[in-house]
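First up is the structure itself, then whatever we jot down about it.
The values are calculated or read from the model by the stated rules, or taken from the named source; none is laboratory data. Model, not experiment: these values are computed from the prediction. Every residue, glycine among them, receives a Cβ derived from its backbone with ideal geometry; neighbour counts consider all protein chains shown. Just the protein is used for accessible areas: all its heavy atoms, side chains included, with ligands, DNA and RNA removed. Shrake-Rupley method; radii C 1.70, N 1.55, O 1.52, S 1.80 Å.
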Amino acid sequence: MPDILDIAQLAVQAAMRNGAEFADASVGSGISVGVDLENSSLKECEVVRDYGIGVRAFYRGGMGTATTTSLSEEAARTVGRQAAEMAKATHGDPDFVCLPDPQPWEEVPGRWDDAVAGLPVDVVVQWCRAGIEEARQIAPEVALEGGAGLDYGEKAIASSTGVAYSTRGTSVDINFFAVVQRGDDVGAYFEFDAARRLEDFKPEGVARIATETALRFLGSRQIAKARMPLVLGPMAVSGLIGAVIGSSNAESVQRRRSFMVNRAGTQIAA
């Protein structure tokens with residue numbers, strides 16, 4: 001089978017031959033393993049092989065897209081042609097100018113780990129079982145949700161302006177949401193760990209921290225209304241910043257679906 005970057009470039013060439021003014025293609029191939037928990041019990045384990053080609057073609061500002069779950073040369077030519085045909089049939093976007101030119105790019109070290117790519121599925125299952133035992137030792141009645149998983153694969157992107165990059169990566173993660181109920185009182189907390197490399201991954205203790213912190217929330221009470229400083233934890237901050245970044249999406253602004261419309265150069269927060 002040809003290299004995935006060759007497949008991406010072949011799809012772009014097909015789009016251009018069929019009338020596109022600009023085109024880009026992304027190609028990916030990878031494996032993901034996921035184990036889910038429900039009410040402190042193993043719910044399911046899934047292993048998925050995911051691969052395919054996606055093409056965007058542009059004609060007079062109009063964009064057409066086509067995808068396929070195949071990595072063959074014939075499939076690359078087909079989706080390239082289909083994307084170009086769709087682009088010529090759509091209304092143009094007056095804000096579209098062109099696709100970007102290639103920029104300097106270097107592979108980020110440490111994104112791939114053979115130890116993750118070769119990890120047996122039963123190890124992921126054992127992480128979850130160990131988490132359940134950790135949580136039960138702290139609070140036998142805990143209801144534990146979440147799970148663990150790993151991913152590894154390669155991706156490539158190519159464009160008619162000369163972009164041509166490929167990379168590969170691995171990742172592994174574990175997360176638990178612990179709920180402890182005692183009478184009408186409920187405490188809950190979420191904790192996780194994630195890494196690119198197995199040596200940086202620490203699944204032990206995640207469920208314990210989630211359960212211990214959930215217990216600390218038992219007995220929580222409301223405070224009087226007042227204007228006062230607010231200290232946010234890391235996950236709350238990431239959610240807040242993520243909402244702002246999401247509102248900056250160019251398409252959302254252009255279609256006037258964001259509070260960022262006409263806010264360029266103005267202060268949007270304290």
Q. Among (1) assigned to a loop (DSSP other than H, G, I, E, B); (2) surrounded by fewer than 16 Cβ atoms within 10 Å (Cβ to Cβ); (3) touching a residue at least 60 places away in the same chain (Cβ under 8 Å), where does THR167 come up short?
A. (1)
Q. Mind checking which residues of the stretch 1-41 are open to solvent by 30 Å² or more (accessible area, probe 1.4 Å) and under 30 Å from ALA130 (Cα atoms)?
A. ILE31, SER32, ASP36, GLU38, ASN39, SER41
Q: Run ALA115 past the list (1) open to solvent by less than 30 Å² (accessible area, probe 1.4 Å); (2) in a helix (DSSP H, G or I); (3) among the aliphatic types (A, V, I, L, M); (4) in contact with an Asp or Glu (Cβ under 8 Å, 6 or more places away or on another chain) and report the number of the one that doesn't hold.
A: (1)
Q. Being assigned to a loop (DSSP other than H, G, I, E, B), open to solvent by less than 60 Å² (accessible area, probe 1.4 Å) and closer than 30 Å to GLU204 by Cα, is that true of even one residue in the stretch 99-109?
A. no
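If only one of VAL121, VAL125 is surrounded by fewer than 17 Cβ atoms within 10 Å (Cβ to Cβ), within 17 Å of GLU204 (Cβ to Cβ), in contact with a strand residue (DSSP E or B) (Cβ under 7 Å, 6 or more places away or on another chain) and β-branched (Val, Ile, Thr), which one is it?
Details: VAL121 fails: within 17 Å of GLU204 (Cβ to Cβ).
Exactly one residue qualifies, and that residue is VAL125.
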Q: Taking GLY62 as the residue in question, decide whether it is open to solvent by less than 10 Å² (accessible area, probe 1.4 Å), closer than 30 Å to ALA15 by Cα and either touching a Lys or Arg at 6+ places or on another chain (Cβ under 8 Å) or modelled with pLDDT under 95 (or both).
A: yes
Q.
For the stretch 180-224, give me each residue that is in a strand (DSSP E or B), crowded, with 20+ Cβ neighbours inside 10 Å and of a type outside the set (Gly, Ala, Ser).
A. VAL180, GLU191
(Q) Pairs please, first residue from the stretch 236-263 and closer than 30 Å to PHE192 by Cα, second anywhere and hydroxyl-bearing (Ser, Thr, Tyr), Cβ atoms under 8 Å, 6+ apart in sequence or on different chains. (A) GLY246/SER252; SER247/SER258; SER248/SER258; ASN249/SER258
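Out of curiosity, is GLU44 free of Cβ contacts under 8 Å to residues at least 24 places away in the same chain and open to solvent by 80 Å² or more (accessible area, probe 1.4 Å)?
Working: free of Cβ contacts under 8 Å to residues at least 24 places away in the same chain: yes; open to solvent by 80 Å² or more (accessible area, probe 1.4 Å): yes.
So GLU44 passes the test.
Kindly evaluate ARG56 against the criterion of being without any contact (Cβ under 8 Å) to a residue 60 or more places away in the chain and crowded, with 17+ Cβ neighbours inside 10 Å. Steps first, please.
Numbers: without any contact (Cβ under 8 Å) to a residue 60 or more places away in the chain: yes; crowded, with 17+ Cβ neighbours inside 10 Å: yes.
So ARG56 fits the description; yes.
A quick yes/no check of all residues on (1) under 16 Å from VAL33 (Cα atoms); (2) touching a Gly at 6+ places or on another chain (Cβ under 6 Å):
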{"site": "ALA117", "(1), (2)": "yes, no"}
{"site": "ASP122", "(1), (2)": "yes, no"}
{"site": "GLY153", "(1), (2)": "yes, yes"}
{"site": "ALA156", "(1), (2)": "no, no"}
{"site": "SER159", "(1), (2)": "no, no"}
{"site": "VAL172", "(1), (2)": "yes, no"}
{"site": "PHE177", "(1), (2)": "no, yes"}
{"site": "LEU198", "(1), (2)": "yes, no"}
{"site": "ARG216", "(1), (2)": "no, no"}
